[in-house]
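See below for the structure under consideration.
The values are calculated or read from the model by the stated rules, or taken from the named source; none is laboratory data. Everything numeric in this text was worked out from a predicted model, so none of it was measured. Cβ placement follows ideal geometry from the backbone for every residue including glycine, while neighbour counts extend to all protein chains displayed.
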Amino acid sequence: MNRTKEQEFLIQNMISQIVSYIAEDKNILVEDALKSFFDTNISKKIEDVETGYYLESPSYVYEILKKEEGFMSVNEIIKKRKSIRKYEKGAVVTEEQIKTILEAGMLAPSACNSRPFQFIVVRNREKLEEIMKIHPYTQMLETASLAIIVCADLNLQNEISEGYFPEDCGAVTENMLLQATELELGTCWCGVYPKEDKVANFRKLFNLPENIVPFNVIAVGKPAEEFGSRGFYEEEKVTWID
Ligand SMILES: Cc1cc2nc3c(=O)[nH]c(=O)nc-3n(C[C@H](O)[C@H](O)[C@H](O)COP(=O)(O)O)c2cc1C
């Protein structure tokens, strides 16, 4: 679509307003920011029509936002994620980014809403080295900026939803991996539970009581390799019952 300079200016204006909504309220969804923009700018829309400028639809502006501001849909984030095992050593991952990732984990569904999770954020280099010693498949921590250990608190599932913590912690973990991908951060999920020796070694290293189960280690850092899903759709794994 060819745009005049005025139209281009108008669109850039729309985009910067929408981006500022998002910057002001980090919890707002892009779609809601678009809705607010179009709901509160009726006079502008009319004026645009009067002056011969065309009216842009939310979905069209969303496309521009995606292209120009790097916004991604959930589907695009899922397709972008992969296990990253090479990171830029020494890259800073901010506390705000870490908390955004943790919050994504805490927003996952859990059996009876028992929320049986606990997190250990390890930024200490010596501790990261110790993890690498007790878990041979965590060597990517050499270049990662930090590790997050997802743990389950069995006391929170007593009687109400006993035994569901692996599903719960799995959902927590996947949310965190996807959130990190949106932040352009790489992750690698390294399994601990249900390997008894690994569980025991992590308990010892972090001085954890018996009710706390170290579930996995998530390496986090700035990727030094390309993103890109390794998964794919397999029709033979699906049974359709209509
Ligand atoms: C339960 C579980 C345990 C895993 N453990 C490790 C691990 O110890 N070390 C590692 O490098 N990757 C580990 N991975 C990552 C898998 O190797 C990876 O997800 C798989 O090969 C698919 O690749 P992708 O994540 O890039 O799509 C683990 C993944 C899961 C789900």
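Quick check on N201: is it more than 16 Å from the ligand (Cβ to nearest atom), in contact (Cβ under 8 Å) with a residue 12 or more places away in the chain, outside any loop (DSSP other than H, G, I, E, B) and farther than 20 Å from K99 by Cα?
Numbers: more than 16 Å from the ligand (Cβ to nearest atom): no; in contact (Cβ under 8 Å) with a residue 12 or more places away in the chain: yes; outside any loop (DSSP other than H, G, I, E, B): yes; farther than 20 Å from K99 by Cα: yes.
Here the answer is no, as N201 does not meet what is asked.
Scanning segment 130-173 for residues that are without any contact (Cβ under 8 Å) to a residue 12 or more places away in the chain, of a type in the set (D, E, K, R) and either more than 16 Å from the ligand (Cβ to nearest atom) or in contact with a Lys or Arg (Cβ under 8 Å, 6 or more places away or on another chain) (or both) returns E159, E162.
Annotation: of all residues in segment 175-198 being within 12 Å of the ligand (Cβ to nearest atom), in a helix (DSSP H, G or I) and not aliphatic (A, V, I, L, M), the one that is farthest from Q139 (Cα to Cα) is T181.
The number of residues in segment 167-215 being of a type in the set (S, T, N, Q) and more than 30 Å from F71 (Cβ to Cβ) comes to 3.
Looking across segment 157-174, the residues that are at pLDDT 95 or above and in a helix (DSSP H, G or I) come down to F165, P166, E167, D168, C169, G170, A171, V172, T173, E174.
Residues checked against (1) more than 27 Å from L107 (Cβ to Cβ); (2) surrounded by fewer than 17 Cβ atoms within 10 Å (Cβ to Cβ):
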{"residue": "L177", "(1), (2)": "no, no"}
{"residue": "T181", "(1), (2)": "no, no"}
{"residue": "C190", "(1), (2)": "no, no"}
{"residue": "D197", "(1), (2)": "yes, yes"}
{"residue": "F206", "(1), (2)": "no, yes"}
{"residue": "N211", "(1), (2)": "no, yes"}
{"residue": "G221", "(1), (2)": "no, no"}
{"residue": "E234", "(1), (2)": "yes, yes"}
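Kindly indicate the residue of segment 65-99 that is farther than 27 Å from V150 by Cβ and surrounded by fewer than 17 Cβ atoms within 10 Å (Cβ to Cβ) and also nearest to the ligand (Cβ to nearest atom) among those meeting that condition. So, considering only residues that are farther than 27 Å from V150 by Cβ and surrounded by fewer than 17 Cβ atoms within 10 Å (Cβ to Cβ), the one nearest to the ligand (Cβ to nearest atom) is G70.
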